[in-house]
Amino acid sequence: MSAAAAFWEGVKHMFKKRFTIKHPYQEHELPDGYRGRHLLRMDRCIGCGICAWICPEKTITMVPAANQKTYQQNPKNRFPQYWYVRCCFCHFCTDYCPTGALDYTKDYDLAEYEKELIIWSPERLSRVPEGHRGYQTEFHGRAGVSHVLPTRED
Amino acid sequence: MSILDLNVGPQHPGSGHMRIMVKTDGDFIVEATPDIGYVHRGVEKIAESRNIIKNIPMICRPNIADDSHLNWSYIAPIETLQGVEVPERALYIRTILCEMNRIASHLYGMAIMGGVFSGHTTMYMFGFGDRELLLDLNEMLTGARMTFSFSVPGGVRRDLPGGFREKLLDTLDYLELHLPAIDRIFLSNPIFVERAKNVGVLRKADAVRLGVVGPVLRGSGVRCDIRKDAPYGVYDRLDFEIPTSKEGDSLSRWRVRFEEIRQSIVILRQAIRDIPKGPIAKKSPIMIPKGEAISRIESARGEINHYIIGDGSDKPYRVKMNTGSFKNLLALPFLLKGVHIGDLPIIYGSLDYWPIEADR
């Protein structure tokens, strides 16, 4: 094997498909079930606080909802608020949510200029991002509370 | 000539923070002392104050290129203590994820520790380009590109998604086609061979005496792999070989890793073919019963152990991590004695040392 063979290998790859994308202009296509920021369904949240308890990084605080609506299923008016500076996106909160109120989204660009803006209130978390398809946790199943899951490949 | 002290590090262009205190006589290294601990995080101590589920993301963090092995190694003793029998499908999914991680980790190692440290920019690009395909598969299966926190006591968190099998097989086909190109451009490249052959020779007896593990040990001709010697998971049902090399130099260590990528492809093909149907997880309590247990897992950087003592609460009483990088570091002062200072990056790189994993 000569150095020319190695050099030729490099030259050949100049004309092959690129792996890289121009990120801010081109979006990386994410698969279903990508663990981005959370989506909160406030009409399902019962305010049990299991998400705050299981969170390894203490991202979640239980706070009252700022909007004036009353939620029948949540008499204490407690909803999770995420401080995304701390979040490691393990999504144990989503897996352990007993009512399926939390969900995955493909939203990953969470950087902000102001530190207050990176605290996501329950109302902000409940905004459905653009292009969000169906119910991601039902698609992938959850470990944790509903631990025993059927085969889901077919 | 007088002895000159030289600090290599703590910042490196490739690996994490670690200092090597080198005493040089002219161009030759008289003595080299690794100074570790720059990225010590106290993982073991923090683990004592958190419950076993909350520990999972933190335990995986020390090695982000190869975190599924650390995850499995931490989960295995807990499952032993709890007496949970993990469903077969979960074991197969863990095996698939771990082998994908092994390939990705070796490509990462070849790109950074082999390519960058020897000034081979094309290998850096090749390694990262091919690793990207495996990260896409990780993303599809677990939802995260790295640091998946995927195995939980009793099983895994998700089942194989639809279309995963086809995508995996496509990727493996591509890798098999592309590995000869990596071989031509890097491992058989006369410029790299000149650089790495007979550099940092670790003889078989020395390797055993120093207690190195993983590809470093196999590169010295010792046929030792936990997947064969003490099979865990479903590895006893899979047919694969353990590549070894007799020379024990830097080149042979990379050769062993390169052949391991091929063997991982063989394992992945078998695992995706034989994976049975059934549940992916069994319900297990969030507590560790009284007792102690240890795991032995073959990661990309060698054998890793987690020794866990439970006291009946939901927090482990003690978690002791023993990682491959730390064991392999013991060979570094031995290998650096008497070599040219220019060979230091090649030898350091050939150990595929991951400082965060060693410091924990």
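The values are calculated or read from the model by the stated rules, or taken from the named source; none is laboratory data. These numbers were taken from a predicted model, which means no experiment stands behind them. Virtual Cβ from ideal backbone geometry, glycine too; neighbours counted across all protein chains shown. These area figures cover heavy atoms from the full protein model, side chains too; ligands, DNA and RNA do not enter into them. Shrake-Rupley method; radii C 1.70, N 1.55, O 1.52, S 1.80 Å.
One residue is enough: does the stretch A:11-30 have a residue meeting the conditions at positive phi and either out of contact with any Lys or Arg (no Cβ under 8 Å at 6 or more places or on another chain) or modelled with pLDDT of 80 or more (or both)? It would help to see each step written out before you state the result.
Narrowing the stretch A:11-30 to residues at positive phi: none.
No, the stretch A:11-30 contains no residue that is at positive phi and either out of contact with any Lys or Arg (no Cβ under 8 Å at 6 or more places or on another chain) or modelled with pLDDT of 80 or more (or both).
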| message | Where the second residue is assigned to a loop (DSSP other than H, G, I, E, B) and the first is touching a residue at least 12 places away in the same chain (Cβ under 8 Å) and lies in the stretch B:31-50, which pairs have Cβ atoms under 6 Å and are six or more apart or on separate chains? | response | B:ILE36/B:MET18; B:TYR38/B:PRO10; B:TYR38/B:HIS17; B:VAL39/B:GLY16; B:VAL39/B:HIS17; B:VAL43/B:ARG360
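Considering only the stretch A:12-35, state which residues are among the acidic types (Asp, Glu) and loosely packed, with under 15 Cβ neighbours inside 10 Å. Don't jump to the end; show me each part of the working.
Keep residues of the stretch A:12-35 that are among the acidic types (Asp, Glu), which gives A:27, A:29, A:32.
The answer is A:GLU27, A:GLU29.
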| Only listed residue being within 12 Å of chain A (Cβ to nearest Cβ) and either under 24 Å from B:PHE186 (Cβ atoms) or touching a residue at least 60 places away in the same chain (Cβ under 8 Å) (or both), chosen from B:GLU88, B:GLU99 | B:GLU88
| task | For the stretch B:245-277, enumerate the residues that are in a helix (DSSP H, G or I) and either closer than 21 Å to B:VAL84 by Cβ or open to solvent by 50 Å² or more (accessible area, probe 1.4 Å) (or both). | result | B:ARG255, B:GLU259, B:ARG262, B:VAL266, B:ARG269, B:ARG273, B:ASP274
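Would you confirm whether or not the stretch A:82-91 contains a residue that is on the phi > 0 side of the Ramachandran plot, within 14 Å of chain B (Cβ to nearest Cβ) and open to solvent by less than 20 Å² (accessible area, probe 1.4 Å)?
Kept after step one, since they are on the phi > 0 side of the Ramachandran plot, are these residues of the stretch A:82-91: A:89, A:91.
Applying the additional criterion that residues be within 14 Å of chain B (Cβ to nearest Cβ) yields A:89, A:91.
Right, trim to open to solvent by less than 20 Å² (accessible area, probe 1.4 Å) and you get A:91.
For the stretch A:82-91, residues on the phi > 0 side of the Ramachandran plot, within 14 Å of chain B (Cβ to nearest Cβ) and open to solvent by less than 20 Å² (accessible area, probe 1.4 Å): present.
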| query | If A:GLU9 passes every condition in (1) open to solvent by 30 Å² or more (accessible area, probe 1.4 Å); (2) more than 29 Å from B:SER49 (Cβ to Cβ); (3) within 10 Å of chain B (Cβ to nearest Cβ); (4) of a type in the set (Asp, Glu) but one, which one does it miss? | reply | (1)
| task | Might you let me know whether the stretch A:34-56 holds any residue that is over 30 Å from B:GLU132 (Cα atoms), modelled with pLDDT of 90 or more, within 14 Å of chain B (Cβ to nearest Cβ) and touching a helix residue (DSSP H, G or I) at 6+ places or on another chain (Cβ under 8 Å)? | result | no
| Condition check for B:PHE148: over 26 Å from B:ASN55 (Cβ atoms) and in contact (Cβ under 8 Å) with a residue 40 or more places away in the chain | no
| task | Restrict the check to the stretch A:125-148 and report whether at least one residue is modelled with pLDDT of 85 or more, more than 10 Å from chain B (Cβ to nearest Cβ), within 24 Å of A:THR70 (Cα to Cα) and part of a helix (DSSP H, G or I). | result | yes
| field | The one condition in (1) within 14 Å of chain B (Cβ to nearest Cβ); (2) within 26 Å of B:ALA144 (Cβ to Cβ) that A:THR99 fails to fulfil | value | (1)
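Can you find even one residue in the stretch B:177-191 that is among the aliphatic types (A, V, I, L, M), away from chain A (no Cβ under 14 Å), surrounded by fewer than 18 Cβ atoms within 10 Å (Cβ to Cβ) and out of contact with any strand residue (DSSP E or B) (no Cβ under 8 Å at 6 or more places or on another chain)?
To start, the set of residues in the stretch B:177-191 that are among the aliphatic types (A, V, I, L, M) comprises B:177, B:179, B:181-182, B:185, B:187, B:191.
Right, trim to away from chain A (no Cβ under 14 Å) and you get none.
No: the stretch B:177-191 contains no residue that is among the aliphatic types (A, V, I, L, M), away from chain A (no Cβ under 14 Å), surrounded by fewer than 18 Cβ atoms within 10 Å (Cβ to Cβ) and out of contact with any strand residue (DSSP E or B) (no Cβ under 8 Å at 6 or more places or on another chain).
Which helices (runs of 4 or more DSSP H) sit wholly inside the stretch B:34-134 and have at least 2 residues that are crowded, with 24+ Cβ neighbours inside 10 Å?
B:52-60, B:67-82, B:88-109
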| query | Which of (1) surrounded by fewer than 22 Cβ atoms within 10 Å (Cβ to Cβ); (2) hydrophobic (A, V, I, L, M, F, W, C); (3) modelled with pLDDT of 90 or more does B:ILE304 not meet, given it meets every other one? | reply | (1)
| Single match in A:THR70, A:THR105 (criterion: more than 30 Å from B:PHE126 (Cβ to Cβ), crowded, with 19+ Cβ neighbours inside 10 Å and hydroxyl-bearing (Ser, Thr, Tyr)) | A:THR105
| task | Output the residues belonging to the stretch B:324-345 that are in a helix (DSSP H, G or I), open to solvent by 30 Å² or more (accessible area, probe 1.4 Å) and among the aliphatic types (A, V, I, L, M). | result | B:ILE341
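Identify all residues within the stretch A:1-52 that are of a type in the set (A, V, I, L, M, F, W, C) and closer than 30 Å to A:TYR82 by Cα; write none if there are none.
Restricting attention to the stretch A:1-52, the residues satisfying the condition of being of a type in the set (A, V, I, L, M, F, W, C) are A:1, A:3-8, A:11, A:14-15, A:19, A:21, A:30, A:39-40, A:42, A:45-46, A:48, A:50-52.
Across the stretch A:1-52, the qualifying residues are A:LEU30, A:LEU39, A:LEU40, A:MET42, A:CYS45, A:ILE46, A:CYS48, A:ILE50, A:CYS51, A:ALA52.
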| query | Quick one: what pairs do we get from the stretch A:100-122, first residue on the phi > 0 side of the Ramachandran plot, second assigned to a loop (DSSP other than H, G, I, E, B) and open to solvent by 70 Å² or more (accessible area, probe 1.4 Å), C-beta under 9 Å, 6+ apart or different chains? | reply | A:GLY100/A:ARG44
| query | If you take the residues of the stretch B:151-173 that are more than 11 Å from chain A (Cβ to nearest Cβ) and either touching a residue at least 12 places away in the same chain (Cβ under 8 Å) or polar (S, T, N, Q) (or both), which of them is most open to solvent (accessible area, probe 1.4 Å)? | reply | B:LEU169
| Any hit, the stretch B:278-293, residues being open to solvent by 10 Å² or more (accessible area, probe 1.4 Å), part of a loop (DSSP other than H, G, I, E, B) and among the aliphatic types (A, V, I, L, M) | yes
